[in-house]
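The values are calculated or read from the model by the stated rules, or taken from the named source; none is laboratory data. In this text the structure is predicted, and so the values were computed from the model without any measurement. Glycine also receives a Cβ, built like all others from the backbone with ideal geometry; neighbour counts cover every protein chain displayed.
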Amino acid sequence: MLKGIDPRLNADVLHALAAMGHGDHLIVADANFPVDAIARRTTLGRPLHIDNVTSGEAIAAILSLLPLDTFIDDAVARMEVVGDAASLPAVQQEVQTVVDEARGTGSPMSAIERFAFYEHAAAAYCVIQTGERRFYGCFSLTKGVIGPEDAAAS
């Protein structure tokens, strides 16, 4: 156990978050996501897990450490509901609230069609599977940067 780090973040997840670079994508997937098959194609090459939590809880823990990319408009994306691209299920609404709180501003998540999301996930740095059982609890986060403490000193 470490001070100041959300206990939901296990050692494997912490290592992946630290190893990622600016612009790398991280996938947070629900319990139904084909995590093993897709994670084998990622940079990390194996699935990670944050068990027994919802997508929103996992993303809140991740965003307590991971900066979101501010250079792009789609730093957070969600899997579209098949046949209803504009629909925002409760799980996606919850994650939108978590993201807005982390950013300090409201900015809607972009949407990625289901099969395009699978391809996007395969090109990610890693995939983290949660215990989320609600459908469409799959999200992509793009890592940003942490600037110097004092911009004038650099």
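The table that follows gives values for the structure above.
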read-out	value
Test: residue in region 114-127 that is assigned to a loop (DSSP other than H, G, I, E, B), crowded, with 18+ Cβ neighbours inside 10 Å and hydroxyl-bearing (Ser, Thr, Tyr)	yes
Residue pairs meeting the criteria (Cβ under 7 Å; at least 6 apart or on separate chains; first in contact (Cβ under 8 Å) with a residue 40 or more places away in the chain and of a type in the set (A, V, I, L, M, F, W, C), in region 31-45; second in a loop (DSSP other than H, G, I, E, B) and surrounded by 14 or more Cβ atoms within 10 Å (Cβ to Cβ))	Ala31/Gly131; Ala31/Glu132; Phe33/Cys138; Val35/Pro47; Ala39/Pro47; Leu44/Tyr125
Some residue of region 100-119 being touching a residue at least 60 places away in the same chain (Cβ under 8 Å) and either on the phi < 0 side of the Ramachandran plot or hydrophobic (A, V, I, L, M, F, W, C) (or both)	yes
Val82 being at pLDDT 95 or above, under 13 Å from the mean Cα position of the chain (by Cα) and among the aliphatic types (A, V, I, L, M)	no
